[in-house]
1. How large is the dipole of the chain about the Cα centre if only Lys and Arg carry +1 and Asp and Glu carry -1, each at its Cβ, rounded to the nearest 20 debye?
2. Which pairs, out of LYS28/LYS56; LYS67/LYS221; LYS124/LYS167, put more than 20 Å between their alpha-carbon atoms?
3. Rounded to the nearest 20 debye, what is the charge dipole size of the range 98-176 about its Cα centre when +1 sits on each Lys and Arg Cβ and -1 on each Asp and Glu Cβ?
4. Classify the chain from the C-alpha gyration tensor, please: rounded if a/c falls under 1.5, else prolate or oblate depending on whether a/b exceeds b/c.
5. Hey, if you put +1 on the Cβ of every Lys and Arg and -1 on every Asp and Glu Cβ in the chain, which of PHE173, SER126, THR214 ends up farthest toward the positive end of that dipole?
6. Arranged from highest to lowest average of other beta-carbon atoms within 10 Å per residue, in what order do the peptides 197-204, 132-139 appear?
7. Positive end of the dipole of the chain, charges at C-beta (+1 Lys, Arg; -1 Asp, Glu), about the Cα centre: which of VAL144, LEU183, LEU41 has its Cα farthest in that direction?
Amino acid sequence: MLEKKMSDERLYVALDLPDVDEARGLVKLLGDHIESYKIGLQLLAVGGVELGQELKAMGKNIFYDYKFHDIGATVEKATRSICSLDANLLTVHARPEVMKSAVLGRESSDLKILAVTVLTSLNKKSLEKIGYHQNAEELVLRRVDQALECGVDGVVASPLEVSAIKKLVPEDFLIVTPGIRMLNDNKDDQKRVSTPGASLASGASHLVVGRSITKAVDPRKAAIEVIRDMRINQ
């Protein structure tokens, strides 16, 4: 009996793996069930850009999660370099100079710039330790306001802030949520998490899922379960 295809391009699987060969193996295993992939810093120095181009040639959506954070001129030039790779999404940190420079570097390409608001591994206690006196949601919403002023295409924020963000932004503004876990999953180092369906119901436009799929005993089955939750629980 043929396996029924389950896919949803809003789901980006995070290829946070030790090397590109392991990443290629996972992509092959997931097959047509996954249309979109995130490539982050772990693979950057060991062929991540080339892997992204391979996947793009296969018709996949590519999200380079490089979280640029540097002086404006450097961010502008780095963003311009990414534009040549025909990626779909790129992250930068949500500092006004950084965001404005990334928008300049994108020029007329189709690359979407996402501003990282507050990492999902941080909570109020963590923020206090690094000098912030706002809670996570307050800081996220402040950065969303700045992101809108700078002209980026969306933000990365935890599922817990999505509904509040949705009230502030235009309908086509992207809200990309990591920190996605199924109900029985281990939270690992994530502090602000939610399920796939609940995140979409709150207003997320895209989800990023890593270990719930990549570390599963059966990654293909885990991916299908995530997609089912996206569809059933909205």
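Here, each number is a calculation from the coordinates, and none is a lab measurement. None of the values given here were measured: they were computed from a predicted structure. Glycine gets a Cβ as well: all are built from the backbone with ideal geometry, and neighbour counts include every protein chain shown.
1. Dipole size: approximately 480 debye.
2. From the list (LYS28/LYS56; LYS67/LYS221; LYS124/LYS167), the Cα-Cα distance tops 20 Å for LYS67/LYS221; LYS124/LYS167.
3. It comes to approximately 320 debye.
4. oblate
5. In the chain, that residue is SER126.
6. Going by the mean number of other Cβ atoms within 10 Å, highest first, we get 197-204, 132-139.
7. It is LEU183.
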